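S.K.: This is the structure I want to talk about, given as structure tokens.
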Amino acid sequence: MDLSVILLKLLEGLLVSFQIFALTLTFSLPLGLLVALGRMSRNFFVRNIIKIYISIMRGTPLMLQLMVVYFGPYYIFGWTLSRDYRFIAVIIGFVLNYAAYFAEIYRGGIESMPVGQYEAAKVLGYSKTQTFMRIILPQVIKRILPSVTNEIITLIKDTSLAFVISVSEMFTAAKAIASSQASVVPYLAAGLFYYIFNYIVAFAMEGVEKKFSYYR
Amino acid sequence: MPLLKIRNLQKNFDGLEVIKDISLEVEQGQVVAIIGPSGSGKSTLLRCATLLERVDSGEIAYMDEPVVYTDKHGRTTYAHPKDLKRIQSYFGLVFQNFNLFPHFSVMKNIIDAPIHVQKKSKEEALAIGRDLLAKMGLSDKENAYPCQLSGGQQQRVSIARALALNPKILFFDEPTSALDPELTGEILRVIKDLAAEHMTMVIVTHEMSFARDVADHIIFMDGGVIVEEGTPDQVINNPRSDRTKAFLSRFYQI
């Protein structure tokens, strides 16, 4: 197989990896905020259910979680789902897992805010929602950016776990070509692509951090 | 009708009685200074009056509108949140450590609440903001961020922020305690200017000479009660209580 064919196949896989990456971020960043608010809720049940959820998401391998989401409907409910469900299962698994991690990052950021910010907002007459949306959240985002960047970079590499339920992302493609060609070149090329992907994302996040550096 | 009326206020923190029994009244245009040693309950009193702390018992009313009162069963009750929201707009508070919003520019710190809380138009809020910044001598700083300002400038912005909502009474919680002596002067001057405009103010302070100059009523607190109160001349120059005398003498030794 020609190198250009290998690269083309890998790039096709990379497109799927990118879709997993983008969809996971799109859903897990807002969901993580909701989970964080639930985690800090005054309601005993809400708080503890969220705590258990986070504990399971962090305490078990993502690979296993993907398998549960994919095979669970069949083994638990006897549902037979279409082939398209593979990709959906990957997104559900990633979003649930990453929302839990993001939630803890948000929580750390929110809890690190000085109480004086809330008090100033209260005395000025801001409602609770206004205080959170206008005063607290924008500052929290700045504080948590470095941790979020870390998580995002991990996510790029984690997309390769989708191979466990045979979603044809880049790593799956590399593995298939490598075994059919008896060559390590596809792996090396895939590694390079992951690195470039990460490099671009890290560069972009640095830009975002700079954008927030207008205040301390 | 007094602007602020406090009756038999009590406040505990985990069984520690920080405010034992405090009653006071502030009339329109009056400048009241509250002095006393650390831990005497001065700041807690201010925080109760500004709804940052809940009282255990007692009554607080602004212009005869009750914030907290004793109901007919003898229970200490807070007014309906809707009423509290209205009453909240009667007062402003200047914090010891400013508590400016660091992600907002100076101007935005001042106009954000008028726009989003009082629903003023941006133009109207900007006009108020420019006016106040000019008054604070900070017209050239409207686009700066709090972290680019000195402590004294930050405190002036926070005073402007409080004034932008046009409160009837302004509370100051040790407004100069986080500032070095050089910067203290500029804040005291601003407060003096406000006093000259008959702004009603309640100031918790450790600046004795300032309290004497600017206040027309001085309250000396210790151990959660008012030990002595009166005109500056009565309290600072001719204190009757031994506790006040001891406190003041230590101040003048330094």
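S.K.: Do any residues in the range A:91-120 that are within 14 Å of another protein chain (Cβ to nearest Cβ) have Cβ atoms under 7 Å from those of residues that are assigned to a helix (DSSP H, G or I) and open to solvent by less than 30 Å² (accessible area, probe 1.4 Å), where the two are at least six apart or on different chains, and which pairs are they?
M.R.: A:Gly109/A:Val140; A:Gly109/A:Ile144; A:Met113/A:Ile136; A:Met113/A:Gln139; A:Met113/A:Val140; A:Gln117/A:Ile135; A:Gln117/A:Ile136; A:Tyr118/A:Thr131
S.K.: Could I ask something else about it? Filter the range B:112-129 for residues that are in contact with a helix residue (DSSP H, G or I) (Cβ under 7 Å, 6 or more places away or on another chain), assigned to a helix (DSSP H, G or I) and open to solvent by 10 Å² or more (accessible area, probe 1.4 Å) and give the result.
M.R.: Of everything in the range B:112-129, those that are in contact with a helix residue (DSSP H, G or I) (Cβ under 7 Å, 6 or more places away or on another chain), assigned to a helix (DSSP H, G or I) and open to solvent by 10 Å² or more (accessible area, probe 1.4 Å) turn out to be B:Ile115, B:His116, B:Lys122, B:Leu126, B:Ile128.
S.K.: Hey, does the range B:52-72 have a residue that's open to solvent by less than 10 Å² (accessible area, probe 1.4 Å) and either polar (S, T, N, Q) or in contact with a Pro (Cβ under 6 Å, 6 or more places away or on another chain) (or both)?
M.R.: No, the range B:52-72 contains no residue that is open to solvent by less than 10 Å² (accessible area, probe 1.4 Å) and either polar (S, T, N, Q) or in contact with a Pro (Cβ under 6 Å, 6 or more places away or on another chain) (or both).
S.K.: Suppose the filter is free of Cβ contacts under 8 Å to residues at least 12 places away in the same chain, in contact with a helix residue (DSSP H, G or I) (Cβ under 7 Å, 6 or more places away or on another chain) and open to solvent by less than 50 Å² (accessible area, probe 1.4 Å); does A:Gly125 pass it? Steps first, answer last, please.
M.R.: On the way: free of Cβ contacts under 8 Å to residues at least 12 places away in the same chain: yes; in contact with a helix residue (DSSP H, G or I) (Cβ under 7 Å, 6 or more places away or on another chain): yes; open to solvent by less than 50 Å² (accessible area, probe 1.4 Å): yes.
Taking the combined requirement at face value, the residue satisfies it.
S.K.: What pairs come up if the first residue lies in the range A:203-216 and is more than 11 Å from chain B (Cβ to nearest Cβ), the second is surrounded by 10 or more Cβ atoms within 10 Å (Cβ to Cβ) and β-branched (Val, Ile, Thr), and their beta carbons are under 7 Å apart, counting only those six or more places apart or on different chains?
M.R.: Note: pairs meeting the criteria are A:Met205/A:Thr149; A:Met205/A:Ile152.
S.K.: Scanning the range A:163-197 for residues that are outside any helix (DSSP H, G or I) and open to solvent by less than 30 Å² (accessible area, probe 1.4 Å), which turns out farthest from A:Phe87 (Cα to Cα)? Step through it out loud before you land on a result.
M.R.: In the first step, residues of the range A:163-197 are kept if they are outside any helix (DSSP H, G or I); the result is A:166-169, A:182-184.
Keeping just the survivors that are open to solvent by less than 30 Å² (accessible area, probe 1.4 Å) gives A:167, A:169.
On the way: A:Val167: 6, A:Glu169: 10 Å.
Per the stated criteria, the residue is A:Glu169.
S.K.: Right, something else. Which number in (1) within 25 Å of B:Tyr90 (Cα to Cα); (2) surrounded by 19 or more Cβ atoms within 10 Å (Cβ to Cβ); (3) touching a helix residue (DSSP H, G or I) at 6+ places or on another chain (Cβ under 6 Å) marks the one condition that B:Ser158 misses?
M.R.: Among (1) within 25 Å of B:Tyr90 (Cα to Cα); (2) surrounded by 19 or more Cβ atoms within 10 Å (Cβ to Cβ); (3) touching a helix residue (DSSP H, G or I) at 6+ places or on another chain (Cβ under 6 Å), B:Ser158 violates only (3).
S.K.: In contact with a helix residue (DSSP H, G or I) (Cβ under 9 Å, 6 or more places away or on another chain), within 14 Å of chain A (Cβ to nearest Cβ) and open to solvent by 20 Å² or more (accessible area, probe 1.4 Å): does that describe B:Asn237?
M.R.: On the way: in contact with a helix residue (DSSP H, G or I) (Cβ under 9 Å, 6 or more places away or on another chain): yes; within 14 Å of chain A (Cβ to nearest Cβ): no; open to solvent by 20 Å² or more (accessible area, probe 1.4 Å): yes.
Spelling it out, it is not the case that B:Asn237 is in contact with a helix residue (DSSP H, G or I) (Cβ under 9 Å, 6 or more places away or on another chain), within 14 Å of chain A (Cβ to nearest Cβ) and open to solvent by 20 Å² or more (accessible area, probe 1.4 Å).
S.K.: Regarding B:Lys108, is this residue within 19 Å of A:Ile135 (Cα to Cα), open to solvent by 10 Å² or more (accessible area, probe 1.4 Å), without any contact (Cβ under 8 Å) to a residue 40 or more places away in the chain and part of a helix (DSSP H, G or I)?
M.R.: Values: within 19 Å of A:Ile135 (Cα to Cα): yes; open to solvent by 10 Å² or more (accessible area, probe 1.4 Å): yes; without any contact (Cβ under 8 Å) to a residue 40 or more places away in the chain: yes; part of a helix (DSSP H, G or I): yes.
Taking the combined requirement at face value, the residue satisfies it.
S.K.: Checking the condition touching a residue at least 60 places away in the same chain (Cβ under 8 Å) and farther than 22 Å from B:Thr184 by Cβ, which residue from B:Tyr145, B:Tyr69, B:Tyr78, B:Tyr90 passes? Walk me through it before giving the result.
M.R.: Values: B:Tyr145 fails: touching a residue at least 60 places away in the same chain (Cβ under 8 Å); B:Tyr69 fails: touching a residue at least 60 places away in the same chain (Cβ under 8 Å); B:Tyr78 fails: touching a residue at least 60 places away in the same chain (Cβ under 8 Å).
One residue alone meets the criteria, B:Tyr90.
S.K.: Let me ask something else. Has the range B:161-172 got at least one residue that is over 14 Å from the mean Cα position of the chain (by Cα) and open to solvent by less than 50 Å² (accessible area, probe 1.4 Å)?
M.R.: Yes, the range B:161-172 contains at least one residue that is over 14 Å from the mean Cα position of the chain (by Cα) and open to solvent by less than 50 Å² (accessible area, probe 1.4 Å).
S.K.: Here is a follow-up. Inside the range A:82-112, can you point out the residues that are small (Gly, Ala, Ser), open to solvent by 30 Å² or more (accessible area, probe 1.4 Å) and assigned to a helix (DSSP H, G or I)? If you could, list the steps in order and put the result at the bottom.
M.R.: Filtering the range A:82-112 down to residues small (Gly, Ala, Ser) leaves A:82, A:89, A:93, A:99-100, A:103, A:108-109, A:112.
Keeping just the survivors that are open to solvent by 30 Å² or more (accessible area, probe 1.4 Å) gives A:82, A:108, A:112.
A:Gly108, the sole residue that qualifies.
S.K.: Which one of A:Lys142, A:Lys157 is of a type in the set (Lys, Arg) and either touching a strand residue (DSSP E or B) at 6+ places or on another chain (Cβ under 8 Å) or within 14 Å of chain B (Cβ to nearest Cβ) (or both)? Even if it seems obvious, please write down each step before you answer.
M.R.: Details: A:Lys157 fails: either touching a strand residue (DSSP E or B) at 6+ places or on another chain (Cβ under 8 Å) or within 14 Å of chain B (Cβ to nearest Cβ) (or both).
Sole residue among the options that is of a type in the set (Lys, Arg) and either touching a strand residue (DSSP E or B) at 6+ places or on another chain (Cβ under 8 Å) or within 14 Å of chain B (Cβ to nearest Cβ) (or both): A:Lys142.
The values are calculated or read from the model by the stated rules, or taken from the named source; none is laboratory data. Given the structure is predicted, the values throughout are model-derived calculations rather than measurements. We place every Cβ from the backbone using ideal geometry, glycine too, and count neighbours over all the protein chains shown. Keep in mind that these areas ignore ligands, DNA and RNA; they rest on the heavy atoms of the full protein, side chains included. Shrake-Rupley method; radii C 1.70, N 1.55, O 1.52, S 1.80 Å.
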